[in-house]
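One structure is given here, and the rest of the page talks about it.
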Amino acid sequence: LGFVGTQKYREDVTTLDVGDFLFVFSDGVTEAMNSAHIQYDESRLEPLLLSLRDKSAQEIVNAVGDAVRKHAAGYPQNDDITMLCMKRLK
């Protein structure tokens, strides 16, 4: 997570129900490009995450990483790719 000293932030509380997950990622995930300079972007990430809702947190991170690598198809990475997934089990 990155914070900007001049930015105003608000605090909020949410509850995850059993089976819900929180997926946090850096912009390197959605901005990963292929040789045609097409970014992976949220339009690919969101449906993938929805399809993974029954998987473990580790499987979700692995699947997103695999999808981003497949999209990039060996094109050089120009930013960090960071992902964190938490899932409520009980």
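All but one of (1) assigned to a loop (DSSP other than H, G, I, E, B); (2) under 10 Å from the mean Cα position of the chain (by Cα) hold for PRO76; which doesn't?
Failed condition: (2).
How many residues, within the range 61-70, are in contact with a helix residue (DSSP H, G or I) (Cβ under 7 Å, 6 or more places away or on another chain) and either of a type outside the set (Gly, Ala, Ser) or at pLDDT below 95 (or both)?
The total comes to 2.
Within the range 37-48, identify whether any single residue is hydroxyl-bearing (Ser, Thr, Tyr), farther than 15 Å from LEU84 by Cα and touching a helix residue (DSSP H, G or I) at 6+ places or on another chain (Cβ under 6 Å), and answer yes or no.
Yes: one or more hits.
Kindly list, by first and then second residue, each pair from a residue in the range 32-51 that is free of Cβ contacts under 8 Å to residues at least 40 places away in the same chain and assigned to a helix (DSSP H, G or I) to a residue that is of a type in the set (A, V, I, L, M, F, W, C) and surrounded by 11 or more Cβ atoms within 10 Å (Cβ to Cβ), limited to pairs with Cβ atoms under 6 Å and residues at least 6 apart or on different chains.
Between residues of the range 32-51 that are free of Cβ contacts under 8 Å to residues at least 40 places away in the same chain and assigned to a helix (DSSP H, G or I) and residues that are of a type in the set (A, V, I, L, M, F, W, C) and surrounded by 11 or more Cβ atoms within 10 Å (Cβ to Cβ), the close pairs are LEU48/ALA67; LEU49/PHE23.
Please tell me if LYS70 is outside any helix (DSSP H, G or I) and out of contact with any strand residue (DSSP E or B) (no Cβ under 8 Å at 6 or more places or on another chain). Spell out the reasoning first.
Working: outside any helix (DSSP H, G or I): no; out of contact with any strand residue (DSSP E or B) (no Cβ under 8 Å at 6 or more places or on another chain): yes.
Considered against the rule, which asks whether it is outside any helix (DSSP H, G or I) and out of contact with any strand residue (DSSP E or B) (no Cβ under 8 Å at 6 or more places or on another chain), LYS70 comes out as no.
Quick check on the range 14-31: of everything there that is small (Gly, Ala, Ser) and assigned to a loop (DSSP other than H, G, I, E, B), which residue is surrounded by the fewest Cβ atoms within 10 Å (Cβ to Cβ)?
My answer is GLY19.
Kindly provide the set of residues from the range 67-90 that are exposed (fewer than 12 other Cβ atoms within 10 Å of the Cβ) and without any contact (Cβ under 8 Å) to a residue 60 or more places away in the chain, ordered by number.
Correct list: LYS70, ALA73, GLY74, PRO76, ASN78, ASP80.
Please tell me if GLU59 is acidic (Asp, Glu) and surrounded by 11 or more Cβ atoms within 10 Å (Cβ to Cβ). So that I can check it myself, show each step before the final result.
Details: acidic (Asp, Glu): yes; surrounded by 11 or more Cβ atoms within 10 Å (Cβ to Cβ): yes.
It is true that GLU59 is acidic (Asp, Glu) and surrounded by 11 or more Cβ atoms within 10 Å (Cβ to Cβ).
Could you grab me the full set of residues in the range 32-50 that are of a type outside the set (Asp, Glu) and surrounded by 11 or more Cβ atoms within 10 Å (Cβ to Cβ)?
Those that are of a type outside the set (Asp, Glu) and surrounded by 11 or more Cβ atoms within 10 Å (Cβ to Cβ): ALA32, MET33, ASN34, ILE38, GLN39, TYR40, ARG44, LEU45, LEU48, LEU49.
The values are calculated or read from the model by the stated rules, or taken from the named source; none is laboratory data. Fair warning: this is a prediction, and the values are worked out from it, not measured in the lab. As a convention, Cβ positions derive from the backbone with ideal geometry for all residues, glycine included, and neighbour counts pool all protein chains shown.
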